[in-house]
Amino acid sequence: MNLCSITSGSSGNCIYVGSDNTHIIIDAGISGKRIEEGLNGIGLTTSDIDGILITHEHSDHIGGLGVLARKYGIPMYSTPGTIRGIKASRNLGTIPPELFREIQADKDFMIEDLLIKPVRVSHDANEPVAYRVQHEESSVAVVTDLGMYDDYIVEAFQGVDALLLEANHDVNMLQVGRYPYYLKQRILGDQGHLSNERSGQLLCALLHDKLRTVMLGHLSAENNLAELAYETVRQEVAMSDNQYKAGDFPIRVAKRSSRSELIAV
């Protein structure tokens, strides 16, 4: 399996996951042109994409859906609540209704040779999910846009080989920054986003001997820095009481506006 962040951040998200035979993207929050350029960089085209998994209906996750739907006719998989949110958006234009594939959290489904596991997350959207994708014995997870985690989340993502995990903000930068009070409270709340510290704590609960790589994603442009997210997460691992150290596995930071390297699992 392969994992690549085309973009990951508060201004737009699109993550590629695939096997040798099947190619999907998780979210399409950037323009069709930028998605095509990102896929070209890993030897693919948009025409190769077999499906789009949508986490939720916020604009930084669906902004490019209209163009992809009309130009390529790619099936779009999302929960009923997310579909309602997409249809209510005024910025996407017409999306052919036959392209929507309704899914349910906790109900696995297949796209060709990929097993998809949608997982409920706590976020201020209609019916948001994160995704675990498995091919044979390998699995990757994309876990962003959640204000909190619990035993259900920890259990759902145990044993993955590669993990893209939200590290959205530094709490201090957010608190002293220019965002209005209501927005700060939204981000900090249980239906907001994971801070660097909470990201590191969740990672500690998911560490295991065969974890190949961790990519930190969905960083805020206003309230975080790549170096700060990286060091904070490493520090949480170092301070934890588990058997692992931060140097036991590679930690990368996904770029907000450009493609990461292709990670083979």
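Along the range 180-196 the Karplus relation, 6.51 cos²θ - 1.76 cosθ + 1.60 evaluated at θ = phi - 60°, assigns HN-Hα couplings of x, 4, 4, 6, 4, 5, 4, 5, 7, x, 5, 10, x, 9, 6, 6, 4 Hz to successive residues, with x for each Gly and Pro. For the range 72-153, the carbon plus sulfur part of the accessible surface works out to 44%, probe radius 1.4 Å. In the frame of its principal axes, the range 212-265 has Cα extents of 35, 30, 12 Å, reported largest first.
Considering Cα pairs under 8 angstrom that are at least six residues apart, work out the relative contact order of the chain and quote it in whole percent.
Relative contact order for the chain comes out at 20 percent.
My understanding is that a pair violates if its Cα-Cα distance is over 30 Å; which of 71/210; 71/117; 184/245; 87/107; 71/255; 184/255 do that in this structure? Flagged as over cut-off: 71/210; 184/245. Rolling a 1.4 Å probe over the protein heavy atoms gives the chain an accessible area of 43 Å² per residue. Remark: accessible surface ordering of 102, 37 (largest first) is 102, 37, probe radius 1.4 Å. Distance between the pseudo-spin-label points of residue 48 and residue 106 (7 Å out from Cα toward the beta carbon): 3.7 nm.
With only the Cα atoms considered, the chain has a convex hull volume of 115 Å³ per residue.
Shown for the range 157-215: the carbon plus sulfur share of the solvent-accessible area, taken with all protein chains present and a 1.4 angstrom probe, equals 48%.
Once fully extended, how much extra length lies between residue 20 and residue 262, figured as 0.36 nm per residue of separation less the alpha-carbon to alpha-carbon distance?
Contour length minus the Cα-Cα distance gives 85.8 nm.
The values are calculated or read from the model by the stated rules, or taken from the named source; none is laboratory data. Because the structure is a prediction, the values reported are computed rather than measured. All Cβ positions, even for glycine, are placed from backbone atoms using ideal geometry, and neighbour counts span all protein chains on display. For accessibility, only protein heavy atoms count, side chains too; no ligands or nucleic acids. Shrake-Rupley method; radii C 1.70, N 1.55, O 1.52, S 1.80 Å.
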